[in-house]
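Have a look at the structure below, then the notes.
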Amino acid sequence: MASPMSQKLEEKLVCSICLELFRVPVTLPCGHNFCKRCISDHWDKQKQAAAGTEANYTCPECRRGFERCPELKKNVTLHSVVELARDSEERGSAAGRCEVAPAELCRQHGRPLELYCEDERRCICCICTVRDCQRHRRVLFEEERAKKQTFLKESLEKAQEESERIEQAMKELELQTESIKDCSELKDGIQSKFTHLKKALEDFQCQTVARIEQEQRVALEHVDKNWNLCKDRLDILGQHMEKAQSLLACPDHRSFLQEFPLFPPLESPEVLVPVEFDVAPVIKPISEILTSISRLLLEDLPACVAPKAPNAADQGPVHPQELVVKAVDPLPKCQLRAELLKDHRNLTFDPETANKYLELSKGARKAKHSPGTVPGQGQGPRFEPWQVLCTQSYGPGHHYWEVKISSHSVILGVTYRGLPQEQQQGHSFNIGLDGGSWGLQVREDCYLAWHKGHAQKIQEQLYKNLGVSLDYGKGLLSFYGLGERTKLIHSFHSVFTEPLYPVFWLCEGRVTWQSNFSGFYTAGMDAAPGSAPSSSAAALRLALAAPGLPEGPLGCPICLDVLRDPVTVPCGHNFCQGCLQELRQRPGPPDGGGAGGAARCPLCQEPVPAALRLCKNRALCELLPLLAAATGGSSPSPSAAASPTSPMAPGAEEEDAAGEEGAVVLCDVCPPESRVAAERSCLVCLASFCGAHLEPHRRAPAFRAHRLVAPLRRLEEGLCPRHLQPLDGFCRTEQSCVCARCRTHEHRAHDVVPLEQEREHKQVRGVARGAEVPTRVLRAQQAKFLSDAENELQELAVTITQAKKMVELIKGAATKERDRVEKLFAEASEVLAAFQKEVMGFIEDEERSMLGEAEADLRWKEQRRAKLAQCKQSLENVPSTDTIYFLQEFQALKAAMEENLSPPLSFQKELNFTKCTQAVGAMKDVLSTACKNQWNHLQGKGIDGLNCQEMEEALAESRFPDKSNNPACLENRDYFLKFAFIIDLDSDTADKFIQLFGTKGAKRVLCPIPYPESPTRFINCEQVLGLNLMNRGNYYWEVELIDGWVSIGVIAEDFDPREAYNHGRLGRNDRSCCLQWNGQNYVAWFGGFEHAIQQPFFHTIGVFLEYSERALTFYGVKDSKMTCLQQLKVSPSAKGKLDPFQSKINRQFASLFSCKLKPAFFLESVDAHLQIGPLKRDCVSVLKRR
């Protein structure tokens, strides 16, 4: 027998003329639906009755008339729903009734046990509550159980905690064992590859397998040893727990105290042996060799030997891994795709890895590249490129999935888990750029196969539907184009060593969908036990394949979502009214329409008259809520038609319609025309119910675990985004709402209270402790809070207007200043060019002048040398017997040597033009110094003087710094570790809004901590001091900034902690100084004066105190390098060179060292959190001697 829901569905699908299910349904322009034959016969009768007069065609329901006979075409969507309803009715008649396994029942009345009677001490049903236990005290099972539970002693708690830790360690060992044993699949994959190669690889194959087995054997031995240790320890803990429980159960106090000394204490557990198993270094070189050989044997060689492969259609079904040769003709879809779909897998996107610009659908099966950042996806470790991973990972076996893309500029592939999240230089993606990922890029004109940073171009047609086949054991990854025939695009050959995750990259405006075949393959499955609808309704729900998905017959082809306010065009197709109206209003020819012509249907391209009035299809409007209720969903609200891409949560329509506090929440199951006020909302069903529709939750045992609350308008906001469970608690440690799974995992050790308790706490905050808060006081506080918020909004509006004016003013001033600066730089360039021309002319003139003198002197010396050489040669040629001739030649040589004893002035001048280099170099140095100092002056730091002499002095000082007493010149951290100083936080000084973690960590909290009274405790500032005193020598410590605004510094020992807030903060007085991080930059404080520091953020800050030198320096620590941020020290300099901050330092900073100092910390913002950094133990031995 059909259920009431199934009967309502069939009533909406009945023709009002023949009173049967629609047969070839058609839709009239008024929106009503009839059988095509029934309405045609009805109009024929009207035409015969009006013989001789003009025929008037009217609607049988609304009596609306039409001048011409409307063109009747089949409503495609309505016809599909009717056929599915007929099929589900036939299946429902044959299916048996689903029986629900009853829970524990009352022995007396046979009803489910719901309450506990404290007087009779037994569980009772609803009839027992009325008859036998009406005047008894009755409570819920949870309350009675809470009363009867007791806490174990400290020994039992420690045993339980250690037992849980060991069980967790054993689970991890089991996972390690499974992962280690899985290498056998890797071994089989390697062996299957070696069978395709020559005999020469067999020896190398045996060596590789033997090494893997050896690594596996060693790792398994370590795991077995750890398993035995954990098992023995667990037995010991079990015995200890039994003894502790028996001791706690002892009713006699005397016996308990006598046996307690005999209770053995727990011994410390043995240390587990570290397990290391990594075959990646062995597999990586082999993988490269096998990849090359596989491509050679399976692709290149067959393509060369057999240029034309036989038609695959004549050979029958072919297994996907054999289709690696591009020359093979594509197989028909019915053969190859049917073979691939046997291993089909459904994918869902991982929202924790999605880029901040990628918007995922509600079911995480659709990804869209949005123009702006998606709310809630800006924090955490995500991909910097436009990428997203899938939650599924695949190992050994054969896997196949299909995706649909909106256009080109998309990359799909697989990757290991360690795919880098950072942007690769020169690429907008990182898929296929390393050895652990493979990707296929869909371009406008071709495909690119990416791996290890290399791309292979593939010329194929563009497919909108793509299939990905992964044969893990054979190392084969194939990409297919899905069209009329399934076509292989490209195949990768490799050896996979880790689980593979599907990964996608989307360019701007691109959309991708994951194909889901579960609706088609599960249509014949039985309904789950405990489901309320009948078998026919369940079959209909499965046959519709979830109407909320784009693949369902009730999806809009434009927005790819479930229909909202459906309208039917003359061709019979259905769309959302808002989607189609927006499409018709677009400028230009929409969807293929001619310029200036009528709009066309986006599916069949049939013309749609421009004057057609879009009326809602009334049958579909009434059918959609019923189908949504049958499938456990919620119907889309009419107001959502204007925004087809943003489905509204249950109750959102009522909230928008009411627009005020206390608006009535309507039942989600009642018909739209007669919806009544809801009594309760279910956080599991995500729906609100009236009294009549709430009865199944009250009676049926299947709904016992559902949580019912007061009616809510936004039910999705009451679910945990991580575990999808109802939020029923509030974590005061992290100030967030949590669910039951959050309390047992992430927030296990946190302070978690019920939501109602936290609300009461926040409502009465600010009222005197212990005082009763009247309702009028709470309302007054809420009204004041709302008034303050309204005032803040008004102030922000005024501030925004002023800021916009300031932006325009800044832009105008910057443009004018830029023009003036460009003009000055052009003039300076002209001056430099003129100076360059003069210097070059001076060099050329000096060159000509000195070159003439040098050449004249050269010619005179060459002539004198020639004359002397001639006389000498003549003297040497005189015969020894000719004395007269000898004397004559000798006298001629002597005369030549004595001739011109004072020759022309030789070239002795200095090269004057060589001084140009020195002059130009000096000018360059002065210009560089001037540019640097002026730039520092523009940034608010550096030297204020403007004349050249002062700039040269500053340059000389910067070239020769005093490194002897200047720690800023020491960049190595090891130097400072010699002065390492151990700091312990003093809990007697901590403010009540600071929570200490041992003696090394501090965090700002919202709820005050009841510390004991202490005269040294800060009461007006969120500050805490260290226990240690500093009065001589050098000290160095480090602080890690975890979050928020934090100030680090020192303070005098005798400082009064009860000072007011303005004067008691670090650096706002003469008895303390600090370095503050305010979320944007660093600021140094002393005596109420501040100095901004332009440096990047460092997670670790080093503090170096030189007590004897009366200096305090702050460093940014990264790895082993130190960057000086600010040094506080008296610095005597020329008058007029100091800013107010340094002047304050010079006047009063030395007096701070007249007493003992303590480390001090100020947690300024509400999320501030710091940790005292650990230092090397061997560097602090000098502290113990102090």
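The values are calculated or read from the model by the stated rules, or taken from the named source; none is laboratory data. Computed from a predicted structure; not experimentally measured. Here the Cβ is made from the backbone with ideal geometry for all residues, glycine too, and neighbour counts use every protein chain on show.
Details
- Filtering segment 326-360 to residues that are out of contact with any strand residue (DSSP E or B) (no Cβ under 8 Å at 6 or more places or on another chain) and either at pLDDT 90 or above or assigned to a loop (DSSP other than H, G, I, E, B) (or both) leaves Ala327, Asp329, Glu352, Lys356.
- Tallying residues that are at pLDDT 90 or above and within 17 Å of Cys390 (Cβ to Cβ) within segment 486-515 yields 8.
- Qualifying positions in segment 381-413 - among the β-branched types (Val, Ile, Thr) and under 17 Å from Asn355 (Cα atoms): Val388, Thr391, Val410, Ile411
- Of all residues in segment 32-51, those that are in the same structural domain as Ser80 (by TED's automatic domain parsing) have Cβ atoms under 7 Å from Cβ atoms of residues that are crowded, with 17+ Cβ neighbours inside 10 Å and aromatic (Phe, Trp, Tyr), 6 or more apart or on another chain, in Asn33/Phe22; Cys35/Phe22; Trp43/Tyr57; Gln46/Tyr57.
- From the options Asn1062, Asn1020, Asn1028, residue that is surrounded by 13 or more Cβ atoms within 10 Å (Cβ to Cβ), polar (S, T, N, Q) and without any contact (Cβ under 8 Å) to a residue 60 or more places away in the chain: Asn1020
- Top-ranked residue of segment 345-383 - restricted to ones that are charged (D, E, K, R) and surrounded by fewer than 16 Cβ atoms within 10 Å (Cβ to Cβ), ranked as nearest to the chain's Cα centre (by Cα): Glu352
- Among the residues of this structure, Pro587 counts as one that is more than 22 Å from Cys685 (Cβ to Cβ), part of a loop (DSSP other than H, G, I, E, B) and modelled with pLDDT under 75.
- None of Phe1097, Phe1104 is among the aromatic types (Phe, Trp, Tyr) and over 19 Å from Ile1051 (Cα atoms) except Phe1097.
- Some residue of segment 1128-1143 being hydrophobic (A, V, I, L, M, F, W, C), under 40 Å from the mean Cα position of the chain (by Cα) and in a loop (DSSP other than H, G, I, E, B): no
- Filtered residue count, segment 1032-1068, keeping only those that are in a strand (DSSP E or B) and of a type in the set (A, V, I, L, M, F, W, C): 9
- Odd one out for Leu237 among (1) surrounded by fewer than 16 Cβ atoms within 10 Å (Cβ to Cβ); (2) modelled with pLDDT of 75 or more: (1)
- Number of the condition not met by Arg699 [criteria: (1) within 27 Å of Ile127 (Cβ to Cβ); (2) under 23 Å from the mean Cα position of the chain (by Cα)]: (2)
- Count of residues meeting criterion [in contact with a His (Cβ under 8 Å, 6 or more places away or on another chain) and surrounded by fewer than 16 Cβ atoms within 10 Å (Cβ to Cβ)] in segment 433-452: 3
- Scope segment 369-396; condition part of a loop (DSSP other than H, G, I, E, B) and under 18 Å from Trp438 (Cα atoms); matching residues: Phe383, Pro385, Trp386, Thr391, Gln392, Ser393, Gly395, Pro396
- Segment 1065-1086 residues that are over 14 Å from Phe1161 (Cα atoms), paired with ones that are of a type in the set (Asp, Glu) and outside any loop (DSSP other than H, G, I, E, B) (beta carbon under 9 Å, 6 or more apart): Val1083/Glu1090
- Residues that are at pLDDT 75 or above and more than 20 Å from Thr129 (Cα to Cα) were ranked within segment 85-113; the one that is nearest to the chain's Cα centre (by Cα) is Ala85.
- Count of residues meeting criterion [part of a loop (DSSP other than H, G, I, E, B) and either in contact with a Lys or Arg (Cβ under 7 Å, 6 or more places away or on another chain) or not assigned by TED's automatic domain parsing to the domain that holds Glu359 (or both)] in segment 397-439: 7
- Selection from segment 740-760 of residues that are surrounded by 14 or more Cβ atoms within 10 Å (Cβ to Cβ), out of contact with any Lys or Arg (no Cβ under 8 Å at 6 or more places or on another chain) and assigned to a loop (DSSP other than H, G, I, E, B): Glu746, His747
- Condition met for Val1039 (out of contact with any helix residue (DSSP H, G or I) (no Cβ under 9 Å at 6 or more places or on another chain) and over 14 Å from Leu1163 (Cβ atoms)): no
- Pick from segment 1107-1126, criterion closer than 19 Å to Arg1071 by Cβ and of a type in the set (Phe, Trp, Tyr), ranking: modelled with the highest pLDDT: Phe1114
- Residue selection: Ala640 satisfies the criterion of being surrounded by 16 or more Cβ atoms within 10 Å (Cβ to Cβ), modelled with pLDDT under 80 and closer than 23 Å to Leu360 by Cα.
- Subset of segment 114-138 [among the hydrophobic types (A, V, I, L, M, F, W, C) and at pLDDT 85 or above]: Leu115, Cys117, Cys123, Ile124, Cys125, Cys128, Cys133
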